[in-house]
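Take a look at the structure set out below.
Quick note: the coordinates plus some simple rules give every number you see, no bench work behind them. Please read all numbers here as calculations on a predicted model, not as lab measurements. Ideal geometry is used to build each Cβ from the backbone, glycine not excepted, and the neighbour counts take in all protein chains shown.
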Amino acid sequence: MREEIIFAGFGGQGVLLMGKIFAQAAMESGKEVTWMPCYGAEVRGGTAHSMVVVSDSYIPSPIVTNPTTCIAMNEPSALKFIKKIKANGLLILNKSLVKRMPNRKNIKILSLPLSDIAVELGNVKVTNMVALGAYIQAKKTVPIKTVLDCLKKAIPAHRRNLLDVNTKALYKGAQLARDTQY
């Protein structure tokens with residue numbers, strides 16, 4: 001098993017955290033893992049992405065050039081990475097922010113209103129956890145419980161009040177992916 005993922009969006013959307021939590025969960029599930037964050041000088045509002053490679057065997061490089069999955073939290077990210085996804089790969093789109101639907105026939109596209117769901121849950125900042133929940137359901141790379149355990153460890157004490165809404169966001173994302181044809 002080898003999964004190469006790019007989590008991409010604007011700085012401030014939590015794409016680095018999403019990749020980090022997923023990488024930690026994969027590692028705690030006994031997998032070989034690399035995580036590499038990439039962001040511009042602007043960070044918040046600029047572009048950001050993180051690359052995660054998960055495998056059953058040694059990973060010689062953390063660089064992801066042709067991901068098996070891309071999670072695009074905004075339109076510029078979708079347009080940037082759509083052509084790089086491997087054939088039969090998966091693109092998870094934040095339909096709330098991606099208005100021009102990328103056209104590619106040889107990949108699966110899971111288009112979900114990730115930001116809208118986060119707003120319904122009461123906090124747009126959990127959009128990343130809605131996306132991560134959808135990914136976990138779609139690919140089943142790691143158990144959602146392990147992701148939740150890693151999320152609990154990652155949230156600092158002064159943000160513990162956000163654990164409940166982040167948990168709801170993960171499960172809502174998983175439900176969305178389960179209920180959506182793609």
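For segment 2-179, what ratio Rg/Rh do Cα atoms give with a Kirkwood hydrodynamic radius?
0.93
Stretched out fully, how many nm does the piece from residue 1 to residue 182 gain, at 0.36 nm a residue minus the Cα gap?
62.9 nm
Using the Cβ atoms and a cut-off under 13 Å, what net charge is assigned to the surroundings of residue 141, where Lys and Arg are +1 and Asp and Glu are -1? The partial results should precede the final answer.
Values: positive: 2, 31, 139, 140; negative: 3, 4, 28, 32, 56.
Spelling it out: positives minus negatives among the neighbours equals -1.
Sort 165-176, 73-84 by packing, meaning the average of other beta carbons within 10 Å per residue, with the highest value first.
165-176, 73-84
Among 9-19, 51-61, 111-121, how do they line up by average Cβ neighbours within 10 Å per residue, starting with the highest? Walk me through the numbers before you get to the answer.
On the way: 9-19: 22.6, 51-61: 15.4, 111-121: 20.5.
Descending mean neighbour count gives 9-19, 111-121, 51-61.
From the residues 85, 118, 11, which one has its Cα farthest along the dipole of the chain in the positive direction, the dipole being from +1 and -1 charges on Cβ of Lys/Arg and Asp/Glu about the Cα centre?
With unit charges placed on the Cβ atoms, the residue in question is 85.
So if I take the centroid of the Cα atoms in segment 14-81 and the same for segment 93-171, what is the distance between those two points in Å?
For segment 14-81 versus segment 93-171, the Cα centre distance is 14 Å.
Full extension from residue 123 to residue 38: what is 0.36 nm times the residue separation minus their Cα-Cα distance, to one decimal in nm?
So the chain would gain 28.1 nm between residue 123 and residue 38.
Rounded to the nearest 0.05, what FRET efficiency do residue 59 and residue 145 give with R0 = 22 Å and r taken as the Cβ-Cβ distance? Could you check?
After rounding, the FRET efficiency stands at 0.35.
Cut-off is 10 Å between beta-carbons; in what order do 86, 20 appear when sorted fewest neighbours first?
In increasing order of surrounding Cβ atoms, one gets 86, 20.
Measure up 84/140; 20/108; 84/145; 99/153; 80/139 against 32 Å on the Cα-Cα distance and list the ones that go over.
Checking Cα-Cα distances, 99/153 exceed 32 Å.
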